[in-house]
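The values are calculated or read from the model by the stated rules, or taken from the named source; none is laboratory data. Predicted model, so just to flag it, every value in this text is computed and none were measured. Cβ: placed from backbone, ideal geometry, glycine included. Neighbour counts: every protein chain shown.
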Amino acid sequence: MTPYRPFSADHRSIGINYLLLALCAVTIGTLLSLFMRIHIIAPFLRLPFFGVVPPEGYLALVTMHGTLMVFFVLTSAPVNGFASLVLPSQIGARSMALPRLNAVSFWLTTLSLAVLLAAFFVPGGAPISGWTNYPPLSGIAAAGPGQATGMDLWLISIGIFCIASVLHAVCLLTTIWTRRCAGMFWARLPLTVWSWLTTAVLMFFAFSVLLAAVVLLLSDRHFGTGFFIPKGEVINGMMYDRLHPHADGSPMLWLHLFWFFGHPEVYIAILPAMGLATSLLANFLRRPPVSYRFMVATTLAIGAFGLMVWGHHMFVSGMNPYAGTVFGLMTMAIAVPSSGKALGWFAMLFQGRETRIRPLPSPMLFILGFLSFFVSGGLTGPILAQPVLDAYLHNTYFVVGHFHLIMAMAGVFALFAAVYYWFPLMTGRLMNDRLGKWHFWLSLLGAYGTFFPMYDAGLAGLPRHYAQLTGSTSTVASMLRLQTGITHSALLLASAQLLFLVNLFWSARRGAIAPENPWQATTLEWTASDLKECQVSHSPYEYRFDGNALSPVMQCSFQQKQE
Amino acid sequence: MPVLGAFIIKTIWWMPPDGSLHGPAADGLLWFNLVVLGLLLLLAQALLIFVFLRRTHPNNLSERGPKGSKGLFSSTHAKKLLWRYELLPLIALTLLYTGLAIAAQRLWAANRFQGASPQALQVEVTGVQFQWYFRYPGPDAVFGSTRAELVNAPAGNPLGLDPADARGQDDIVSSVLVLPAGREVDLGIRSLDVIHGFFVPGMRVKQNAVPGMEMHIHFTPTIPGDYPILCSQICGSGHARMQTHLRVVPEAEYKTWLSQHGRKRAAE
């Protein structure tokens, strides 16, 4: 194992860099979410760092929480981080095809995070328009506090992030295309690699479009163009056009560009988790997937459909109702490969019910947690894909519950699984299993307690982004008790993560030394030999009976001869 | 978990009562979705728990191993597994999703594909940070023109009504929406500044108000009562307090309300 050299172009070190960056982002993002949760139920409580949070302060927390989590955690960690860490060795390559590009991409991401966090410290504070930043709210500095310098910083930060992500996608695609070792045919790629391949294609298109959108919005704000801001704007009682003459534009353009990025982004966050789930299930059940081709096909189908369903975020946005029908049907169609994935995992569980290793180690527990969230978050997807139902549920807590279960919790549980699983590749040590199990069960309880009741709040009609549960209407005020319960669960969920941090730092120094292939896996990242002469001769996930136990058949035949 | 369940049921459960003509069909569909998908959810979670709890004798593996292994890697067995556990259930789910999609799209088409009938009551809804305004055309049934440069809320002209336009003289501007029960209403929804979301949970109606565009939605309120109107699209620091009321009243009461407001405006 190469030593960790943070400033080198070594792919493992860059992977660890990305993961440490994501760890910073997730820590800040979680703290922000706790401040939000506390503010909702106790608006006048004095919070550390913020004091008494004003309504715009709450919205700034929302915006920054969403941005940190979506970009710097759910994109940075599963794709950029873990792909840098293990993808080259999984395909038998010694390095990325473009190692310097990989390093550039990481340092740009770091810069992007720094620029984003700087938004907290400028006059007016962080932007308040949510991570989707719909104009004209995001296009006009006078539209609210934080919409001046804070908004500019947000746009610049995301612009840099887009460049970094496109570069990273190029790096991944080139590596997978050109650096597979001898015998690593497409049909022998581990399913994680198929996921990263699909993800990289999505990243390439999605982030390119977002970059364009961000540049256009910056241009509207500073160069008097009129892409997103219509004529006749009256902000704070003032004619905007009088001071800022501009051409006639439409916010709908931003919505289309943003969601053309925004929806694939969901799959960018979750596709690597799906590949990981299949791999880890195969590993811990000692069984290959029932059908490798089926798993690859569903991954590709989800990726392809994922690019064509962005309009389901816009059913009530002012989009043509006929377009609503098309996007509704396309979205329903994506439920088919997604359900296929889930069925594939359940088939594996059923097939491997006798061969599975026991007791289940913590990475496997987290994958089962991922499956549980994937189902409980995913099954509300078909509901939201029906425009007539979305006309009631859109932008309520129902949606918040949906995407936090399917994207945030499923995604993060897969990330935890990946950390527990690949920790030996980063440190040469194993993480503590007992702490890992406590971490799993407490997190599972906290996550369900936090996000499942949100479905209920959404059915009751509570819109999201409300800083306070007050006002003249009964709908909002009646939610206080439910929201109090949610906040308590969120505190439990966040506290459980302390166990993870303790485990992480303790195990990195004192954990048990890991054997060469601690999980009895079959994929190439677990071969310590020099992969230069690697000759792949087996599909991933093969196990053979050896006496009365199942032993892994390493993909690489070179390794076999050594045994 | 039971404590949590009881807590949820006690605090609030299910949607606010529906007061619109199109609502019951959509609610029925939502119920059906929640029940069917909820059962699937329970089934899946039960399977996960079953896998987790199931204990087999450690000897099983060695006894049945060779036989099992032969079966496992043979292609016919794999094909059987593929059909039984993946393809057949997937076909069943696809049929379910198709059914749901068709049912939902029929309702969507009924609600949205066609405009309101020409007899529908016309009301204009305008969102501004952080207030809703409702404009009725008055006795002449025509809205007066508005101009952005005339907008002046402190001077009593929040929508920028043009005083030179005779058609606007009888327009009525209100901060609550009052509608007669049993009559179709055609709402023209617009915004002066940023995107707002016009959301009436009790009417099962939601439509964004987008500056530069006028969106039309139509529905028929049926049951008199007071219904909250909320903003469902983040619109700035006052987003949460952008709430008002829809009052659905009997036709006679609506006429009275309208004439009172008309007089008030004439007196000005």
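What the table shows:
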item	result
Unmet criterion (only one of (1) at the interface with chain B (Cβ under 8 Å from one of its Cβ atoms); (2) crowded, with 18+ Cβ neighbours inside 10 Å; (3) modelled with pLDDT under 90) for A:Leu531	(1)
Filtered residues of region A:243-258 (kept if touching a residue at least 24 places away in the same chain (Cβ under 8 Å), assigned to a helix (DSSP H, G or I) and surrounded by fewer than 24 Cβ atoms within 10 Å (Cβ to Cβ))	A:Met252, A:Leu253, A:His256, A:Leu257
Answer from A:Ala141, A:Ala148 - the residue that is within 14 Å of chain B (Cβ to nearest Cβ), within 28 Å of A:Asn236 (Cα to Cα) and touching a Lys or Arg at 6+ places or on another chain (Cβ under 8 Å)	A:Ala141
Leading residue by the ranking (farthest from the chain's Cα centre (by Cα)) among those in region A:303-312 that are free of Cβ contacts under 8 Å to residues at least 60 places away in the same chain and crowded, with 22+ Cβ neighbours inside 10 Å	A:Gly311
Breaking point among (1) more than 18 Å from the chain's Cα centre (by Cα); (2) modelled with pLDDT of 95 or more; (3) within 30 Å of A:Pro145 (Cα to Cα), for B:Val178	(3)
Of residues in region A:314-354 being crowded, with 22+ Cβ neighbours inside 10 Å and among the β-branched types (Val, Ile, Thr), the one nearest to B:Leu43 (Cα to Cα)	A:Ile334
Qualifying residue in region B:170-181 (condition: touching a helix residue (DSSP H, G or I) at 6+ places or on another chain (Cβ under 6 Å), closer than 26 Å to B:Gly19 by Cα, in contact (Cβ under 8 Å) with a residue 24 or more places away in the chain and aliphatic (A, V, I, L, M))	yes
Those residues of region A:298-322 which are part of a helix (DSSP H, G or I) and either within 11 Å of chain B (Cβ to nearest Cβ) or of a type outside the set (A, V, I, L, M, F, W, C) (or both), in sequence order	A:Thr298, A:Thr299, A:Gly303, A:Gly306, A:Gly311, A:His312, A:His313, A:Pro321, A:Tyr322
Residue ID - modelled with the highest pLDDT, chosen from residues in region B:126-154 that are of a type in the set (Gly, Ala, Ser) and within 21 Å of B:Leu246 (Cβ to Cβ)	B:Gly127
Residue among A:Ala277, A:Ala282, A:Ala213 that is touching a strand residue (DSSP E or B) at 6+ places or on another chain (Cβ under 9 Å), buried (at least 21 other Cβ atoms within 10 Å of the Cβ) and assigned to a helix (DSSP H, G or I)	A:Ala282
Qualifying residue in region A:99-106 (condition: in a loop (DSSP other than H, G, I, E, B) and more than 14 Å from chain B (Cβ to nearest Cβ))	no
Which listed residue, of A:Phe228, A:Phe261, is of a type in the set (Phe, Trp, Tyr), crowded, with 24+ Cβ neighbours inside 10 Å, touching a helix residue (DSSP H, G or I) at 6+ places or on another chain (Cβ under 7 Å) and part of a helix (DSSP H, G or I)	A:Phe261
Hits in region A:105-130 (condition: closer than 16 Å to B:Val194 by Cβ and either crowded, with 23+ Cβ neighbours inside 10 Å or among the hydrophobic types (A, V, I, L, M, F, W, C) (or both))	A:Pro127, A:Ile128, A:Ser129
Selection count, region B:206-222, where residues are crowded, with 24+ Cβ neighbours inside 10 Å and not β-branched (Val, Ile, Thr)	6
Output for region A:361-393, where each listed residue is more than 20 Å from B:Ala46 (Cβ to Cβ), outside any helix (DSSP H, G or I), of a type outside the set (A, V, I, L, M) and facing chain B (nearest Cβ under 9 Å)	A:Gln386
Some residue of region B:79-95 being modelled with pLDDT of 90 or more, β-branched (Val, Ile, Thr) and within 30 Å of B:Arg241 (Cβ to Cβ)	no
Cβ pairs under 7 Å, 6+ apart, first in region A:407-420 and closer than 11 Å to A:Met274 by Cα, second hydrophobic (A, V, I, L, M, F, W, C) and not in a helix (DSSP H, G or I)	A:Gly411/A:Leu74
Qualifying residues in region A:336-360 (those that are aliphatic (A, V, I, L, M) and closer than 25 Å to A:Ala549 by Cβ) - the one farthest from the other protein chains (Cβ to nearest Cβ)	A:Ile357
All positions within region B:238-250 that are farther than 16 Å from A:Leu469 by Cβ and either β-branched (Val, Ile, Thr) or at pLDDT below 95 (or both)	B:Thr244, B:Val248, B:Val249
Residue match in region A:454-463 (condition: within 30 Å of A:Phe366 (Cα to Cα) and either in contact with a Pro (Cβ under 8 Å, 6 or more places away or on another chain) or hydroxyl-bearing (Ser, Thr, Tyr) (or both))	yes
Subset of region A:216-267 [within 14 Å of chain B (Cβ to nearest Cβ) and of a type in the set (Gly, Ala, Ser)]	A:Gly226, A:Gly232, A:Gly237, A:Ala247, A:Gly249, A:Ser250
Failed item, numbered, when A:Phe82 is tested on (1) in a helix (DSSP H, G or I); (2) at pLDDT below 95	(2)
Residue under evaluation A:Gly471, criteria (1) facing chain B (nearest Cβ under 10 Å); (2) surrounded by fewer than 19 Cβ atoms within 10 Å (Cβ to Cβ); (3) touching a helix residue (DSSP H, G or I) at 6+ places or on another chain (Cβ under 6 Å); (4) in a helix (DSSP H, G or I), criterion not met	(4)
Meets criteria (under 30 Å from A:Leu87 (Cα atoms) and not in a loop (DSSP other than H, G, I, E, B)) for A:Arg434	yes
Test for B:Asp193: is it among the acidic types (Asp, Glu), in the same structural domain as B:His245 (by TED's automatic domain parsing) and buried (at least 22 other Cβ atoms within 10 Å of the Cβ)	yes
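Residues checked against (1) more than 9 Å from every other protein chain (Cβ to nearest Cβ); (2) of a type in the set (A, V, I, L, M, F, W, C); (3) in contact with a strand residue (DSSP E or B) (Cβ under 7 Å, 6 or more places away or on another chain); (4) buried (at least 19 other Cβ atoms within 10 Å of the Cβ):
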site: B:Lys80; (1), (2), (3), (4): yes, no, no, no
site: B:Arg84; (1), (2), (3), (4): no, no, no, no
site: B:Leu88; (1), (2), (3), (4): yes, yes, no, no
site: B:Ala92; (1), (2), (3), (4): yes, yes, no, no
site: B:Thr98; (1), (2), (3), (4): no, no, no, no
site: B:Ala104; (1), (2), (3), (4): no, yes, no, yes
site: B:Trp108; (1), (2), (3), (4): no, yes, no, yes
site: B:Asn111; (1), (2), (3), (4): no, no, no, yes
site: B:Gly115; (1), (2), (3), (4): yes, no, yes, no
